[in-house]
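Here's the structure, in structure tokens; my notes come after.
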Amino acid sequence: MQLRNSASGYGAISRSLHWITVFLVLIAWAVGTFGDVLPKGEARTTGLAVHIAAGLAVLVVLAVRLVWRATDPPPLPEPTTFGRWGDRASRLAHYTLYALLLLVPVVGIAVQFARGAPLPLFGLADIASPWTADRAFARSMKEVHEVLANALVILAALHAAAALVHHWILHDRTLARMLPGSGR
Ligand code: HEM
Ligand code: HEM
């Protein structure tokens with residue numbers, strides 16, 4: 001499989017960046033949502049560290065992905081019965097997903113700093129909070145973080161459902177050309 005996209009299909013780099021992002025978002029969301037079942041103490045602290053590492057990795061992969069996308073534009077949409085309006089809707093969904101992939105981790109960092117807590121960088125270093133702790137602000141930021149995270153996962157689920165409609169009902173190559181090793 002070639003590394004770069006062609007006019008009609010995604011290359012290996014774009015596909016890998018897509019599926020790494022999916023994996024990281026699911027880990028961050030699952031640990032964020034269900035982390036409070038962990039007993040307080042070391043287990044909960046480790047859960048939050050894993051959550052933050054996965055969330056920061058989303059941000060790093062997003063940066064790489066946007067730079068890559070600027071130099072290697074995505075393929076043209078597969079022709080479908082929905083025509084131009086279908087293409088516009090899918091482009092809007094993709095841009096909104098990119099915006100949420102940026103906003104959710106950024107607001108997560110704001111939650112951490114509003115608590116006056118340092119930001120751990122994959123266990124390699126910490127960035128001290130530039131703010132003094134403010135519990136009320138931290139609680140509001142956490143709510144915003146949660147709503148945006150849920151919006152990201154719901155939109156991604158609708159986006160995945162659209163991909164399955166393309167595959168099983170419209171019988172086009174939209175899903176196949178994003179899966180590893182096929183669909184060119
Ligand atoms: C795509 C990436 C991320 C997703 C999907 C995500 C999702 C979530 C979710 C669903 C919660 C639970 C909110 C609740 O139930 O109250 C949460 C909590 C939290 N997130 Fe994230 N998050 C992400 C990235 C980050 C990042 C990069 C940070 C950086 C510091 C962060 C910091 C936090 C903090 C401090 C909490 C509160 C945890 C607690 O009180 O135990 N998140 N996140
Ligand atoms: C957290 C989950 C997900 C996120 C954040 C996400 C995000 C994205 C984004 C931003 C694009 C646009 C790529 C570009 O710039 O060209 C894209 C494309 C695509 N995604 Fe996802 N995705 C997720 C999950 C999934 C899943 C589970 C599936 C399959 C069941 C899927 C199938 C596709 C397909 C087929 C395309 C190519 C669409 C086209 O050719 O127009 N995605 N995804």
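The values are calculated or read from the model by the stated rules, or taken from the named source; none is laboratory data. As the structure is a computational prediction, the values presented were derived from the model and not from experiment. As a convention, Cβ positions derive from the backbone with ideal geometry for all residues, glycine included, and neighbour counts pool all protein chains shown. Side chains are part of the model used for accessible areas, which takes the heavy atoms of the whole protein and leaves out ligands, DNA and RNA. Shrake-Rupley method; radii C 1.70, N 1.55, O 1.52, S 1.80 Å.
Here are a few things to note about the model shown:
- Residue separation of Leu158 and Leu179 scaled by 0.36 nm, minus their Cα-Cα distance, works out to 5.8 nm of gained length.
- Magnitude of the charge dipole for segment 12-148, about its Cα centre and with charges confined to Cβ atoms of Lys, Arg (+1) and Asp, Glu (-1), is about 160 debye.
- With protein chains left intact and a 1.4 Å probe, residues in the chain average 61 Å² of accessible area per residue.
- Point-to-point label distance, Ala89-Ala151, nm (Cα→Cβ direction, 7 Å offset): 2.0
- Placing a label point 7 Å from the Cα of Val60 along the Cα-to-Cβ direction, the residues of segment 89-131 whose backbone N falls under 17 Å of that point are 102, 105-106, 109, 119-127.
- Accessible-area composition of the chain, carbon plus sulfur, in percent [1.4 Å probe]: 71
- Using the Cβ-Cβ distance between Ala49 and Trp131 with R0 set to 25 Å, the FRET efficiency works out to roughly 0.75.
- Amide H contacts for Arg4 (H built 1.01 Å from N in the peptide plane; partners 5 or more residues away or on another chain; cut-off under 5 Å): Ala12.
- Distribution of pairwise C-alpha distances over the chain, 10 Å bins, in %: 9, 32, 31, 18, 10, 1
- Computed over the Cα atoms of segment 81-161, pair by distinct pair, the Kirkwood hydrodynamic radius stands at 14.5 angstrom.
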